[in-house]
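Below: one structure, written as structure tokens.
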Amino acid sequence: MFIVPPIRNDRMGLGNFGARRGSRTHKGLDFSAEPGTVVYAVDDGEITKIGYCYGDDLKYRYVQITTHDGLDLRYFYTTLQPLLSIGDQVLKGQALCVVQDISSKHSTDKKTMINHYHFEIKEAGQHINPVPYLKKIGVKL
């Protein structure tokens, strides 16, 4: 399974879940990855959303799997693998999406974004720290 350790970029802040400088909260984990890197499903589930999120005047793609336990696993800055669509069942370890190139889109005079993808979990509509869940299902961080 491909998951790399969270990254650190002082301009971006820590890639970990929780409070950041200022009033913002980071709602997931950031994993460094080159554009085109395949990201695999960390658990079984159904593809329930393919959408866009907006930030810093830019539009980013994301993919969401809902597990059999009702958790929403969300992969941001990614594009769904060909031949997959909403309603498809995916298995843990199955190729799910590929990392987009966000570093070139996000580079400005003020900030440079290291290329990465963002992983988060929502339970009953609330963000939860992904680390305990990932460890529980055997993902090595």
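Any residue in region 40-52 that is part of a loop (DSSP other than H, G, I, E, B) and modelled with pLDDT under 80?
no
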Which residue pairs have Cβ atoms under 8 Å apart, sit 6 or more places apart or on different chains, and have a first residue in region 86-97 that is under 18 Å from THR37 (Cα atoms) and a second that is at pLDDT 95 or above and surrounded by fewer than 13 Cβ atoms within 10 Å (Cβ to Cβ)? none
Kindly indicate whether TYR60 is closer than 26 Å to GLN126 by Cβ and either among the aliphatic types (A, V, I, L, M) or at pLDDT 70 or above (or both). yes
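The values are calculated or read from the model by the stated rules, or taken from the named source; none is laboratory data. This structure is a prediction, so every number in the text was calculated from the model and none was measured. Cβ sites come from the backbone with ideal geometry, for glycine too, and all protein chains shown count toward neighbours.
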